[in-house]
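Bear in mind these aren't lab numbers, they're just calculated from the coordinates by the rules spelled out. It should be emphasised that the depicted structure is a prediction, and the values quoted were computed from it without experimental measurement. With ideal geometry, Cβ positions are generated from the backbone for all residues, glycine too; neighbour counts draw on all protein chains shown.
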Amino acid sequence: MNKNLVLLIVCQGLFLINNVTFIAINGLVGFSLAPFSWMATLPVMGYVVGGAFATSIVAKSQNYFGRKISFQIGLLVAMLSALLCAYAAMTRNFWLLTTGTFIAGYYSANGQLYRFAAAELTEASQRDKAVSWVLAGGILGAVIGPNLASWTRDLFDTAFLGAYLTLAIAGFIGIGVMQLIHFPEEFKTAHHLSDGRSLKTILAQPVFMVAVIGAALGYGVMNLLMAATPLAMQICGLPFSDTALVLEWHVIGMFAPGFFTGSLIQRFGALKMMGVGVVLNFVCIAIALTGTDLHQFFIALFLLGVGWNFLFTGSTSLAMTAYKPNERDKAQAAINFFVFGTMAFTSFGSGALITSQGWNILNLGSLIPVFVTAAALIWLGNFHRKEALR
């Protein structure tokens with residue numbers, strides 16, 4: 001733990017405030033503005049599609065400007081996109097809201113690299129813990145994000161206008177915090193994206209393939225259920241205060257384990273911790289299928305968050321063993337592209353399924369990617385055992 005890592009943890013917290021608030025309110029604002037109900041989560045989809053499109057641009061930005069300036073550009077985009085969303089909500093313009101969230105995806109693509117940057121701010125032997133601690137900074141988003149949406153919902157005549165304006169202020173604060181972080185000179189990449197092995201070669205490694213599957217599908221399942229939760233709870237007649245409570249503890253579940261996940265990975269290995277994450281996903285779905293009372297949403301979403309943490313942190317640690325320093329930008333961009341691509345699909349699917357088929361069908365459908373992830377982990381475990389025998 002050092003000053004730079006602490007400041008990066010603060011930036012991660014600000015990133016998750018933006019992320020969680022967007023998830024909490026964009027589906028509801030979209031539902032009130034969309035021409036058709038099945039389009040309600042298009043603004044949420046816009047956020048992750050924007051992130052997917054931005055991954056290659058962000059990789060080039062990181063390569064050219066270095067970590068600090070690239071991250072600050074992302075925070076500036078966060079400010080401007082939040083203001084655009086505020087204007088869209090005020091003028092009741094659904095497509096402008098979707099455009100604003102699409103632009104905000106650039107900030108999301110930057111924020112997804114904070115965990116990798118953490119590994120550069122400490123000794124190599126401590127990088128699993130550094131990644132885990134930075135992800136734990138998301139607790140700020142867990143506590144502040146849903147409550148921010150609740151507190152500012154009726155601050156102005158336009159619902160949630162205050163939340164968008166507050167996110168613009170958070171982006172401004174983030175620029176100042178990022179200015180105080182010193183990133184090692186050797187990681188201000190003097191290399192070119194063409195250096196090292198080809199992306200195809202990196203992707204073909206079994207370890208990297210499973211890391212991508214774990215990160216993308218783990219995020220996809222979490223996003224499928226989380227994005228639908230505000231709409232599902234509204235359809236079930238639960239007040240927004242209950243929705244804010246469920247999302248708060250869901251995100252606490254996502255990031256509180258970060259205080260010890262790194263130590264667990266060092267002790268038991270990334271694959272075993274990812275396996276625990278898969279089991280928790282199965283338990284989450286089983287509980288969600290038992291009913292739609294507040295306590296069932298609460299427990300299911302909390303377990304979903306913890307499962308995501310084990311899967312995502314384990315996938316990140318696994319991926320970092322599969323590329324060299326001069327292959328960093330393209331490898332990390334590839335992982336984030338698959339993550340955002342999966343999230344884009346699940347963001348749209350969550351809105352369409354929850355408004356047309358209901359909560360139970362949504363949960364049953366989420367079993368498919370969980371089974372795929374479990375199969376990938378078993379396959380890699382068997383692959384490692386065969387390699388050890390050879």
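Summary of computed values
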read-out	value
Between segment 314-390 and segment 218-243, the alpha-carbon center distance in angstrom	21
At most 16 other Cβ within 10 Å, DSSP loop - trypsin sites (Lys or Arg not before Pro), segment 35-108	Arg92
Pairwise centroid distance, computed over Cα atoms, of segment 75-125 with segment 155-172, Å	14
Anisotropy class of the chain from Cα gyration tensor, a/c 1.5 cut	oblate
Residue of Pro257, Pro43, Pro35 that the Gaussian network model of the chain assigns the largest fluctuation, springs spanning Cα pairs under 10 Å	Pro35
DSSP H segments from the chain that extend 20 Å or more along their own axis, Cα-based, with Kyte-Doolittle mean of 1.0 or above	3-33, 67-91, 161-179, 206-235, 240-255, 270-288, 294-319
Most fluctuating residue given options Ala322, Ala86, Ala211, as computed from a GNM of the chain linking Cα atoms under 10 Å	Ala322
Highest-MSF residue in the chain out of Ser37, Ser317, Ser347 [GNM, Cα springs under 10 Å]	Ser37
Neighbour-count ranking [beta-carbon atoms within 10 angstrom, fewest first] of Leu304, Leu113, Leu367	Leu367, Leu113, Leu304
Proxy reagent accessibility, fewest Cβ within 10 Å first, across Lys386, Lys129	Lys386, Lys129
Residues Trp379, Trp249, sorted so that the one with the fewest Cβ neighbours within 10 Å comes first	Trp379, Trp249
For segment 3-389, with +1 on Lys and Arg beta carbons and -1 on Asp and Glu, the positive-most of Ala88, Ser198, Ser32 along the dipole	Ser198
Residue-averaged 222 nm ellipticity for the chain, from DSSP H runs of 4+ at -39500 (n - 2.57), nearest 500	-27500 deg cm²/dmol
For the chain, size of Cβ-based charge dipole, Lys and Arg +1, Asp and Glu -1, in debye	940
Cα-based Lys proximity count in the chain, under 22 Å, for pairs eight or more positions apart or on separate chains	19
Global form of segment 315-390, assessed from the alpha-carbon gyration tensor, a/c cut-off 1.5	oblate
Options Phe15, Phe383, Pro43, ranked by Cα towards positive dipole end of the chain, top entry (Cβ charges)	Phe383
